[in-house]
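Trainee: If you scroll down you'll find the structure; I have some questions about it.
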Amino acid sequence: MRRPLIAGNWKMNLSRSEAAALAEAIAKQVDQYPAVDIAVCPPFVYLEVVSRAIAGSRVALGAQNLYPEPSGAFTGEISPLMLCDLGCRYVILGHSERRQWLGETDGFINKKVHAALKAGLQPIVCLGEQLAEREAGLTLEVIRRQFEGSLASLTAEQMLQTVIAYEPVWAIGTGRVATPHQAEEVHLELRKLIAQRYNPEIAQQVVIQYGGSVKPDNAQELFAQPDIDGALVGGASLKADQFLGIVAGMKK
Ligand code: 13P
């Protein structure tokens, strides 16, 4: 059966010493939650200091991006192999902020997903509709398009190594969380898409997180939905007590 995953996406926040302190505070308390996988995804420049802070704990390390080549003349970019070298297990790909501000397309995200898997990293692939798309009744269509594009050509084995994060853009950083029903509808659709492409057993095993204004006081009702397997947390992952409060909401 699938294990829930709660991951902190720290985005472009914190100083080096704050990053180390936050990671240490989380690592100290995770043993209370043996049924939940936990990861933190700091900015690239803090991966090493955070890796030291979580050493020996159950907290896994994730990055927030990669460039889909092993090495070479790609000024300013970071390769999958470098992330492995630093002890990363996960990498967030296709986040809506990168789609929106850096022009990332499903095709480019798909290249990154393949590069991550080839290097042995587990991609956390984000998808989600914008507010205008939801209001126009296009949510499931957008989800299908992003699923087909970002997750194209994965073998069944690769699909099982991949985490999907449903993050409605209108819920990110807005305090406006999707209702459990709204989120569950999309998660169920994603599981149907996986079942259609592979088979129902594989669909049952893929971890699908929800992301967008998850807080300790709304986590439990989201996690109570049958197809929501944890969360990708932004703002509330920057405070150990809030992040752990969300982890504590996972009772499955
Ligand atoms: P918030 O939790 O701040 O809404 O951010 C969600 C997110 O984008 C996680 O990747």
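Trainee: Kindly state which helices (runs of 4 or more DSSP H) lie completely within the stretch 37-138 and contain at least 3 residues that are closer than 24 Å to Glu157 by Cβ and open to solvent by less than 20 Å² (accessible area, probe 1.4 Å). Before you say what the answer is, go through the steps one by one.
Mentor: Working: elements: 47-54, 80-85, 96-101, 106-119, 131-135.
The qualifying helices (runs of 4 or more DSSP H) are 106-119.
Trainee: What are the residues in the stretch 9-23 that are under 24 Å from Pro123 (Cα atoms) and either surrounded by 14 or more Cβ atoms within 10 Å (Cβ to Cβ) or in contact with a strand residue (DSSP E or B) (Cβ under 7 Å, 6 or more places away or on another chain) (or both), if any?
Mentor: Within the stretch 9-23, Asn9, Trp10, Lys11, Asn13, Leu14, Ala19, Ala20, Leu22, Ala23 qualify.
Trainee: Restricting to the stretch 160-186, give me the number of residues that are away from the ligand (no atom under 13 Å from the Cβ) and out of contact with any Phe, Trp or Tyr (no Cβ under 6 Å at 6 or more places or on another chain).
Mentor: Counting residues in the stretch 160-186 that are away from the ligand (no atom under 13 Å from the Cβ) and out of contact with any Phe, Trp or Tyr (no Cβ under 6 Å at 6 or more places or on another chain) gives 9.
Trainee: Does any residue of the stretch 64-83 turn out to be away from the ligand (no atom under 14 Å from the Cβ), within 17 Å of the chain's Cα centre (by Cα) and without any contact (Cβ under 8 Å) to a residue 40 or more places away in the chain?
Mentor: yes
Trainee: Which numbered condition trips up Glu148, out of (1) surrounded by fewer than 23 Cβ atoms within 10 Å (Cβ to Cβ); (2) within 23 Å of Pro70 (Cα to Cα)?
Mentor: Condition (2) is where Glu148 drops out.
Trainee: Tell me which residues, restricted to the stretch 218-235, are in a helix (DSSP H, G or I), open to solvent by 10 Å² or more (accessible area, probe 1.4 Å) and either within 11 Å of the ligand (Cβ to nearest atom) or closer than 10 Å to Val177 by Cβ (or both). It would help to see each step written out before you state the result.
Mentor: First, the residues of the stretch 218-235 that are in a helix (DSSP H, G or I): 218-223, 235.
Keeping just the survivors that are open to solvent by 10 Å² or more (accessible area, probe 1.4 Å) gives 218, 220-221, 235.
Hits for the stretch 218-235 are Asn218, Glu221, Gly235.
Residue-by-condition table, conditions (1) under 25 Å from Pro226 (Cα atoms); (2) touching a Ser or Thr at 6+ places or on another chain (Cβ under 8 Å):
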{"residue": "Ser79", "(1), (2)": "no, yes"}
{"residue": "Leu102", "(1), (2)": "no, no"}
{"residue": "Asp106", "(1), (2)": "no, yes"}
{"residue": "Gly128", "(1), (2)": "yes, yes"}
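Trainee: Out of all the residues in the stretch 189-200, is one or more closer than 19 Å to Gln130 by Cα, away from the ligand (no atom under 15 Å from the Cβ), open to solvent by less than 20 Å² (accessible area, probe 1.4 Å) and of a type in the set (A, V, I, L, M)? Full working, then the answer.
Mentor: Taking the stretch 189-200 and keeping what is closer than 19 Å to Gln130 by Cα, we get 189-190.
Filter once more, so that each one left must be away from the ligand (no atom under 15 Å from the Cβ): 189-190.
Checking the rest, the ones that are also open to solvent by less than 20 Å² (accessible area, probe 1.4 Å) come to 190.
Now restrict to residues that are of a type in the set (A, V, I, L, M): 190.
Checked against the condition, which is being closer than 19 Å to Gln130 by Cα, away from the ligand (no atom under 15 Å from the Cβ), open to solvent by less than 20 Å² (accessible area, probe 1.4 Å) and of a type in the set (A, V, I, L, M), the stretch 189-200 yields at least one hit.
Trainee: In addition: If you check Gly173 against the conditions, is it surrounded by fewer than 23 Cβ atoms within 10 Å (Cβ to Cβ) and under 18 Å from Trp10 (Cα atoms)?
Mentor: On the way: surrounded by fewer than 23 Cβ atoms within 10 Å (Cβ to Cβ): yes; under 18 Å from Trp10 (Cα atoms): yes.
When the stated conditions are applied, Gly173 passes them.
Trainee: Looking at (1) closer than 24 Å to Gln64 by Cα; (2) open to solvent by 60 Å² or more (accessible area, probe 1.4 Å); (3) more than 12 Å from the ligand (Cβ to nearest atom); (4) not charged (D, E, K, R), find the lone condition where Gln242 falls short.
Mentor: Of everything listed in (1) closer than 24 Å to Gln64 by Cα; (2) open to solvent by 60 Å² or more (accessible area, probe 1.4 Å); (3) more than 12 Å from the ligand (Cβ to nearest atom); (4) not charged (D, E, K, R), Gln242 misses just condition (3).
The values are calculated or read from the model by the stated rules, or taken from the named source; none is laboratory data. Since we're looking at a predicted model, the values are computed, not measured. Backbone-built Cβ (ideal geometry, glycine too); neighbour counts: all protein chains shown. Heavy atoms of the whole protein, side chains included, go into the accessibility calculation; ligands, DNA and RNA do not. Shrake-Rupley method; radii C 1.70, N 1.55, O 1.52, S 1.80 Å.
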